[in-house]
1. Expressed in whole Å with the largest first, what are the equivalent ellipsoid semi-axes of region 70-200 derived from the C-alpha gyration tensor as the square root of 5 times each eigenvalue?
2. Between K85 and I179, what is the spin-label point distance in nm, taking each point 7 Å from the Cα along the Cα→C-beta axis?
3. Tell me what the chain gives for mean residue ellipticity at 222 nm when only DSSP H runs of n ≥ 4 count, each as -39,500 (n - 2.57), the sum divided by the residue total, rounded to 500 deg cm²/dmol.
4. Could you tell me the center-to-center distance, by alpha carbons, between region 18-63 and region 146-219 in angstrom?
5. What full-extension length gain, to one decimal in nm, is calculated for F156 and T96 as 0.36 nm per residue of separation minus the Cα-Cα distance?
6. In region 77-231, what percent of the accessible surface is made up of carbon and sulfur (1.4 Å probe, ligands and nucleic acids excluded)?
7. Compute, for the chain, the length of the dipole vector about the Cα centre, with Cβ point charges of +1 (Lys, Arg) and -1 (Asp, Glu) only. Units Debye, rounded to 20.
8. Using a 10 angstrom cutoff on alpha carbons, build the Gaussian network for the chain and name the most mobile of A114, A101, A163.
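The values are calculated or read from the model by the stated rules, or taken from the named source; none is laboratory data. Small disclaimer: the values here were computed from a predicted structure and weren't measured. For neighbour counting, all protein chains shown are included, and Cβ atoms are generated from backbone atoms with ideal geometry for every residue, glycine included. Just the protein is used for accessible areas: all its heavy atoms, side chains included, with ligands, DNA and RNA removed. Shrake-Rupley method; radii C 1.70, N 1.55, O 1.52, S 1.80 Å.
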Amino acid sequence: MKEKLTPPDPQAIVIFGASGDLAHRKLLPALYHLFAENLLPTSFAIVGYSRTAKSDEEFAEEARAAVEKFGRTTPDDEPWAQFAKRLSYLSGDFATPGAMADLREHLSRLDREAGTEGGRFFYCATPPEAFSDVISRLREERMAGDDSRIVIEKPFGTDLDSARELNRLVHEVFQEGQIFRIDHYLGKETVQNILVLRFANMIFEPLWNRSYIDSVQITAAEDIGIGSRAG
């Protein structure tokens with residue numbers, strides 16, 4: 001018998017970079033499907049935060065379009081109406097000190113009105129150069145508590161030194177158990193199969209090492225263009 005999953009505690013889910021490709025292709029459809037399967041908290045709210053100015057209604061319309069295009073199923077009207085009630089949107093920048101004071105106040109209001117009880121789930125779906133700014137603003141507004149989690153999307157730094165610096169910064173605000181470093185490409189079947197081919201194949205295992213291989217190049221072909229991500 002399949003084990004029944006228990007929904008998590010009340011939570012406000014904040015998507016930084018909510019106008020971007022990752023939010024539309026992956027995050028918003030995934031959150032809706034979790035909601036439809038009763039796997040989100042009973043009391044939850046989803047807050048989109050990005051530089052682009054838009055209303056709550058526009059954000060909800062974009063979210064529905066994203067679910068219809070990239071989700072597993074087309075949302076039914078009644079479940080979607082219940083889900084859309086939990087959506088809100090704030091525009092603001094990441095780099096300016098004090099820029100997220102409105103977000104702090106908005107989350108406090110959701111604690112009272114939506115019953116999110118101080119639970120915070122922050123998802124950095126931003127360009128990587130904004131990671132440190134987001135973390136600095138969260139520290140500045142004291143929005144990261146014991147019931148907070150943060151997800152940092154790839155890439156985590158551009159080299160060892162920058163990764164260590166980002167790690168140092170995030171540890172000033174969050175405990176290690178609150179931090180989730182995500183690189184969805186490392187879960188692709190091709191990458192997983194390379195490990196099996198390398199270490200479980202008696203033909204290649206003795207040969208695939210630094211004595212015989214000068215470099216490795218991996219090409220990931222996709223049918224999508226650069227779109228609005230030229231920066």
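1. 30, 24, 13
2. Computed distance between label sites K85 and I179 equals 3.8 nm.
3. When only DSSP H runs of four or more count, the value is -10500 deg cm²/dmol.
4. 27
5. Numbers: separation 60, 0.36 × 60 = 21.60 nm, distance 2.20 nm.
Gain on extension, F156 to T96, equals 19.4 nm.
6. Reported share for carbon and sulfur atoms: 52 percent.
7. My answer is approximately 360 debye.
8. Looking only at A114, A101, A163, the biggest GNM fluctuation is shown by A163.
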